[in-house]
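Below you'll find the structure, written out as structure tokens, and then a few comments.
The values are calculated or read from the model by the stated rules, or taken from the named source; none is laboratory data. If you're wondering where the values come from, they're calculated on a predicted model, not measured in any experiment. As a convention, Cβ positions derive from the backbone with ideal geometry for all residues, glycine included, and neighbour counts pool all protein chains shown. Surface accessibility is based on the protein's heavy atoms, side chains included, excluding ligands, DNA and RNA. Shrake-Rupley method; radii C 1.70, N 1.55, O 1.52, S 1.80 Å.
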Amino acid sequence: MPVAASPRPFAPHFLPLPVAFLVGLVLLGGLSLGDHNGIFTCLLVAPLFIPAAVWLVAFCRRPSPLLKATLAAVLISLYDISIKLYGAGSHDAEGKGLFHFLLLLGILPAFLVLVAALDQQQSGTRRRRRVAKVLFLALLFVHLALTSDLGMGRCVSCY
């Protein structure tokens, strides 16, 4: 027998927000650990894993839109900091350019996932959901502006 399709393509999952945030942190932390150990494919699959980590946070059932947007931006910022400080091969201008390109390639679908989650959420006014979307982008913009040269220079942990 065919299974009936869900009325909404992206339904909320059952994980509570702290567990979803921790799973997303482990997912992106594993990517940065793999890149630190010289597995450069971890850097290339980051545009797929960043939206997955944001999906975990964005599709929780109860939290407010502002909290979801803030935690999603924190996940991406922590991943960015860990790669810039401990990633192999990213301590020159070419590595920085490649990493920023791949990071922005992951942020775009992550933002679309967050927008889809917030638009489906019923527990917040329309204004609060709009503010959450702008907050997500503003937090990431401020983070990237403040940490654009983080980790540049001599690589201490490279072999």
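The table below lists the values:
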item: Any chance residue 82 is open to solvent by 20 Å² or more (accessible area, probe 1.4 Å), touching a residue at least 24 places away in the same chain (Cβ under 8 Å), under 16 Å from residue 35 (Cα atoms) and among the small types (Gly, Ala, Ser); result: yes
item: Residue count, segment 18-76 (criterion: surrounded by fewer than 16 Cβ atoms within 10 Å (Cβ to Cβ), assigned to a loop (DSSP other than H, G, I, E, B) and in contact with a Leu (Cβ under 6 Å, 6 or more places away or on another chain)); result: 0
item: Residue match in segment 58-76 (condition: among the aromatic types (Phe, Trp, Tyr) and out of contact with any Pro (no Cβ under 7 Å at 6 or more places or on another chain)); result: no
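Let's see how each residue does on (1) modelled with pLDDT of 85 or more; (2) open to solvent by less than 30 Å² (accessible area, probe 1.4 Å); (3) within 13 Å of the chain's Cα centre (by Cα):
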site: 96; (1), (2), (3): no, no, no
site: 108; (1), (2), (3): yes, no, yes
site: 119; (1), (2), (3): yes, no, no
site: 128; (1), (2), (3): yes, no, no
